[in-house]
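Colleague: Please read through the structure below; I'll follow up with questions.
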Amino acid sequence: MAKIYLVCGYTDMRRSIDGFMEIVRDSFELDLYSNSLFLFCGKRRDRLKALHFDKDGFVLLYRRLDAGRFQWSSNSCEVQNLTRQEFRWLMEGLS
């Protein structure tokens, strides 16, 4: 994976692939077909969805924590580029 993008702010987690594609394309003008992972989080911050284009189609991944919350920026006007290590820390619940 070339890049990992954290889409800041809180996203309606009822969205499907098309809804997440719309956010990436229209709000942030990023290339959906690049070898990138786009991360989204809801207000409760215990659920995360990830969008990725895999050669012939899109994949939507869903992760829910049993306990704890993801450390997530509430500024809905930005996208942060994460390193692989920062991504691991995020998945482990570190700030």
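The values are calculated or read from the model by the stated rules, or taken from the named source; none is laboratory data. Since the structure is predicted, the reported quantities are computational estimates derived from the model, not experimental observations. Virtual Cβ from ideal backbone geometry, glycine too; neighbours counted across all protein chains shown. Side chains are part of the model used for accessible areas, which takes the heavy atoms of the whole protein and leaves out ligands, DNA and RNA. Shrake-Rupley method; radii C 1.70, N 1.55, O 1.52, S 1.80 Å.
Colleague: Can you tell me which residue is nearest to Asp66 (Cα to Cα) among those in segment 13-37 that are open to solvent by less than 40 Å² (accessible area, probe 1.4 Å) and part of a loop (DSSP other than H, G, I, E, B)?
Modeller: Met13
Colleague: For Met1, all conditions in the list (1) within 22 Å of Met91 (Cα to Cα); (2) surrounded by 12 or more Cβ atoms within 10 Å (Cβ to Cβ); (3) aliphatic (A, V, I, L, M) hold save one; what is the number of the exception?
Modeller: (2)
Colleague: Can you spot a residue in segment 76-95 that is open to solvent by 50 Å² or more (accessible area, probe 1.4 Å), among the β-branched types (Val, Ile, Thr) and assigned to a loop (DSSP other than H, G, I, E, B)?
Modeller: Yes, some residue in segment 76-95 is open to solvent by 50 Å² or more (accessible area, probe 1.4 Å), among the β-branched types (Val, Ile, Thr) and assigned to a loop (DSSP other than H, G, I, E, B).
Colleague: Picking from Phe70, Phe40, which residue would you name as being assigned to a loop (DSSP other than H, G, I, E, B), open to solvent by less than 30 Å² (accessible area, probe 1.4 Å) and under 20 Å from Met1 (Cβ atoms)?
Modeller: Answer to the selection: Phe70.
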